[in-house]
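Read the structure below first, then the notes.
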DNA sequence: AAATCGTGGCG
DNA sequence: TCGCCAAGATT
């Protein structure tokens, strides 16, 4: 873009923002704690989903000090259902960093912000520009879409190496007096006008600036390679009830659904010995009993299928199909080798369960 | 550097 | 039902 072109674009773009700017809870002021929290929640998550979580989280943890001192159980419970749970753990790590390493005063540059847990290049740019006026791009999916279409940038946005191409293209377009507004304008324009499907760029004053719109190639951008589809995984969930309540399993502290609680789960794959021979239902039940004995020292009784449809749940890279079983165990069973415990209905309300567990419970309760 | 890590909405 | 998408970061 020529300098005069660039200036015309900036003027039109900021004018669009001044007229169409969304009024969002995290835009009430520019306190870093509030902006940071919103940016973490908004990673890969839509505004509509985030709003109620944001309000609840702020009410529960009003300051960075409150968050740094929060019990993990309450932290996860407040995050329950939002997904990508490492965000919640990193949120508290970063809160502790701010309190302990920065004496409760937020670092004010994108470079320093990136040292905090869970803050990468996008989030650092967003906070630095919005809260501290740093002239730096905040390159998210919206930015990739808007600027690939504006400038007809052919670089594959999936390849991290290409991020610098966008960085270099966007940086000179940022008005030096309004970097935070510019980045937020990109988000609003990207999510309301320059959308993935049914974009309406042509209805705005910005249309003349969009090179891809001018030549009818708007929908050819951004260029991105396709992702692999979720890999199918078969599991069994064993619903075990006693006078103490239900037996729930706490997942490991790393990996999928880390630290969350579900019915005891067994991957069908872990029941096979050698080759991928399909097991008959009878044989599967026998092996599940053996598995509980070997892995946890627990003896299952009355193991049988629950007569409901299997529960399916799609993650980013996995598709779970879960067959529900029910069983009992002796009430004096030793749980020393089982990573979980009995939960009464009241106790269940206090702990964080992933959506897939809620689905399973709902399916089981539909009997 | 490719894989991992949730969930809800929409065509 | 399915594929794609939504304010990415971490390993």
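General remarks:
- Segment A:112-138, subset free of Cβ contacts under 8 Å to residues at least 24 places away in the same chain and in a loop (DSSP other than H, G, I, E, B), residue farthest from residue A:97 (Cα to Cα): A:120
- Single match in A:71, A:52, A:107, A:62 (criterion: without any contact (Cβ under 8 Å) to a residue 24 or more places away in the chain and under 20 Å from residue A:355 (Cβ atoms)): A:52
- Being within 16 Å of DNA strand B (Cβ to nearest atom) and surrounded by fewer than 17 Cβ atoms within 10 Å (Cβ to Cβ) is a property that holds for residue A:195.
Quick grid of which residues meet (1) surrounded by 14 or more Cβ atoms within 10 Å (Cβ to Cβ); (2) more than 16 Å from DNA strand C (Cβ to nearest atom); (3) assigned to a loop (DSSP other than H, G, I, E, B):
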| residue | (1), (2), (3) |
| --- | --- |
| A:34 | yes, no, no |
| A:37 | yes, no, no |
| A:40 | yes, no, no |
| A:45 | yes, no, yes |
| A:49 | yes, no, no |
| A:52 | no, no, no |
| A:55 | no, no, no |
| A:75 | yes, yes, no |
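- Test: residue A:363 is within 16 Å of DNA strand B (Cβ to nearest atom) and at pLDDT 95 or above: yes
- Residue check for residue A:108: surrounded by 14 or more Cβ atoms within 10 Å (Cβ to Cβ), in a helix (DSSP H, G or I) and away from DNA strand B (no atom under 16 Å from the Cβ): no
- Options A:257, A:247: the member that is under 30 Å from residue A:295 (Cβ atoms), more than 16 Å from DNA strand C (Cβ to nearest atom), at pLDDT 95 or above and crowded, with 16+ Cβ neighbours inside 10 Å: A:247
- Single match in A:134, A:80 (criterion: more than 9 Å from DNA strand C (Cβ to nearest atom), within 15 Å of the chain's Cα centre (by Cα) and surrounded by 15 or more Cβ atoms within 10 Å (Cβ to Cβ)): A:80
- Test: residue in segment A:347-359 that is out of contact with any strand residue (DSSP E or B) (no Cβ under 9 Å at 6 or more places or on another chain), part of a helix (DSSP H, G or I), away from DNA strand C (no atom under 16 Å from the Cβ) and closer than 30 Å to residue A:78 by Cα: yes
The values are calculated or read from the model by the stated rules, or taken from the named source; none is laboratory data. All figures in this text were calculated on a predicted structure; none of them were measured in a lab. Every residue, glycine among them, receives a Cβ derived from its backbone with ideal geometry; neighbour counts consider all protein chains shown.
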